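Undergrad: Following this message is one structure expressed as structure tokens.
The values are calculated or read from the model by the stated rules, or taken from the named source; none is laboratory data. Keep in mind that this is a model prediction, so the values were computed, not measured. Methodologically, a virtual Cβ is constructed for each residue, glycine included, from the backbone with ideal geometry; neighbour enumeration extends over all protein chains shown. Keep in mind that these areas ignore ligands, DNA and RNA; they rest on the heavy atoms of the full protein, side chains included. Shrake-Rupley method; radii C 1.70, N 1.55, O 1.52, S 1.80 Å.
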Amino acid sequence: MFKKFTPSTDIAGQTPPKSSVQRSIRAAVLQQWKIGLETLEEIWPKKETLIHVKCREHISIYSVQNVPLFFQHFDGPFYPTLRLLHQYPFILPKVGVDRGAIRFLLAGAPMMCPGLTSAGGYLPPSEEALPKGTAVAVHAEGKEHAVGIGITALGTEDMRKLNKDVAVEIVTHLGDDLWALQTL
């Protein structure tokens with residue numbers, strides 16, 4: 001999603017949304033990320049103005065004090081930036097890939113089921129199964145922080161049963177152009 005992203009050419013405009021829109025964004029983020037109001041207040045204080053940065057391909061980046069916090073494609077779910085996810089690792093559910101998948105992940109390739117179900121991979125236990133279309137933090141074997149954010153293409157139970165095909169579509173990853181964008 002953020003391959004060949006250049007702020008000078010790909011950003012169409014920056015505007016502060018109306019307060020009613022900001023309230024609806026707050027409510028959506030609280031519901032999608034399963035975080036508490038106190039955590040959201042730390043991330044995005046109520047008194048701070050949110051800036052909506054419109055980009056190419058219907059991508060919206062939302063920033064506070066010129067620091068990108070989260071983004072959205074069309075009217076899809078809100079994804080935190082990797083920098084925000086590193087500060088608050090509990091925002092998204094975790095999946096893990098084995099060492100063999102790391103180079104493909106850092107190239108932005110979708111993660112396949114064998115990389116998640118092998119000995120070095122990690123999927124949540126059956127009682128915490130994730131449905132298809134859930135935003136997840138992708139961790140690499142032996143690494144502390146998430147190296148990517150993606151959306152599940154299959155439910156976690158289906159990943160275990162099938163053990164083939166695409167499991168997680170990568171939205172952003174370490175080293176892409178959103179990662180390089182520290183301020184707007």
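Undergrad: Any idea which of (1) in a helix (DSSP H, G or I); (2) closer than 16 Å to LYS164 by Cα; (3) free of Cβ contacts under 8 Å to residues at least 40 places away in the same chain is the one LYS132 doesn't satisfy?
TA: Condition not satisfied by LYS132: (1).
Undergrad: Within the bounds of the range 43-62, is there any residue that is surrounded by 12 or more Cβ atoms within 10 Å (Cβ to Cβ), closer than 26 Å to ILE170 by Cα, of a type in the set (Gly, Ala, Ser) and in contact with a Lys or Arg (Cβ under 7 Å, 6 or more places away or on another chain)?
TA: Within the range 43-62, one or more residues are surrounded by 12 or more Cβ atoms within 10 Å (Cβ to Cβ), closer than 26 Å to ILE170 by Cα, of a type in the set (Gly, Ala, Ser) and in contact with a Lys or Arg (Cβ under 7 Å, 6 or more places away or on another chain).
Undergrad: Same structure again: Which count do you get for residues in the range 4-44 that are over 19 Å from LEU92 (Cβ atoms), without any contact (Cβ under 8 Å) to a residue 12 or more places away in the chain and either of a type in the set (D, E, K, R) or not in a helix (DSSP H, G or I) (or both)?
TA: Adding up the residues that qualify gives 2.
Undergrad: Take the conditions in contact (Cβ under 8 Å) with a residue 40 or more places away in the chain, closer than 21 Å to LEU174 by Cβ and not hydrophobic (A, V, I, L, M, F, W, C) and apply them to GLY120. Does it pass?
TA: On the way: in contact (Cβ under 8 Å) with a residue 40 or more places away in the chain: no; closer than 21 Å to LEU174 by Cβ: yes; not hydrophobic (A, V, I, L, M, F, W, C): yes.
Taking the combined requirement at face value, the residue does not satisfy it.
Undergrad: Starting from the range 147-158, keep only residues that are at pLDDT 95 or above, then list their pairs with residues that are polar (S, T, N, Q) and assigned to a strand (DSSP E or B) whose Cβ atoms are within a distance under 7 Å, requiring at least 6 positions of separation or different chains.
TA: GLY148/THR172; ILE149/THR172
Undergrad: Next up: Taking the range 162-184 only, how many residues are open to solvent by 60 Å² or more (accessible area, probe 1.4 Å) and either within 24 Å of LEU123 (Cβ to Cβ) or of a type in the set (S, T, N, Q) (or both)?
TA: Final tally of qualifying residues: 7.
Undergrad: Take ILE151 and tell me if it is in a strand (DSSP E or B), open to solvent by 20 Å² or more (accessible area, probe 1.4 Å) and of a type outside the set (D, E, K, R). Walk me through it before giving the result.
TA: Working: in a strand (DSSP E or B): yes; open to solvent by 20 Å² or more (accessible area, probe 1.4 Å): yes; of a type outside the set (D, E, K, R): yes.
Considered against the rule, which asks whether it is in a strand (DSSP E or B), open to solvent by 20 Å² or more (accessible area, probe 1.4 Å) and of a type outside the set (D, E, K, R), ILE151 comes out as yes.
Undergrad: Separate question: Run THR81 past the list (1) crowded, with 18+ Cβ neighbours inside 10 Å; (2) under 30 Å from VAL67 (Cβ atoms); (3) touching a Gly at 6+ places or on another chain (Cβ under 9 Å); (4) not aliphatic (A, V, I, L, M) and report the number of the one that doesn't hold.
TA: (3)
Undergrad: Oh, and also: Just to be sure before I move on: is HIS139 closer than 26 Å to LYS34 by Cβ, open to solvent by less than 50 Å² (accessible area, probe 1.4 Å), in a helix (DSSP H, G or I) and in contact with a strand residue (DSSP E or B) (Cβ under 9 Å, 6 or more places away or on another chain) in the structure I sent?
TA: Working: closer than 26 Å to LYS34 by Cβ: yes; open to solvent by less than 50 Å² (accessible area, probe 1.4 Å): yes; in a helix (DSSP H, G or I): no; in contact with a strand residue (DSSP E or B) (Cβ under 9 Å, 6 or more places away or on another chain): yes.
No; evaluated as a whole, the condition is false for this residue.
Undergrad: Among residues belonging to the range 63-78 that are open to solvent by 40 Å² or more (accessible area, probe 1.4 Å) and assigned to a loop (DSSP other than H, G, I, E, B), point out the one that is farthest from ILE149 (Cα to Cα).
TA: We begin by selecting, within the range 63-78, every residue open to solvent by 40 Å² or more (accessible area, probe 1.4 Å); these are 65-67, 73-75, 77.
Then keep just the ones that are assigned to a loop (DSSP other than H, G, I, E, B); that gives 65-66, 74-75, 77.
Numbers: GLN65: 23, ASN66: 21, PHE74: 17, ASP75: 18, PRO77: 12 Å.
So, considering only residues that are open to solvent by 40 Å² or more (accessible area, probe 1.4 Å) and assigned to a loop (DSSP other than H, G, I, E, B), the one farthest from ILE149 (Cα to Cα) is GLN65.
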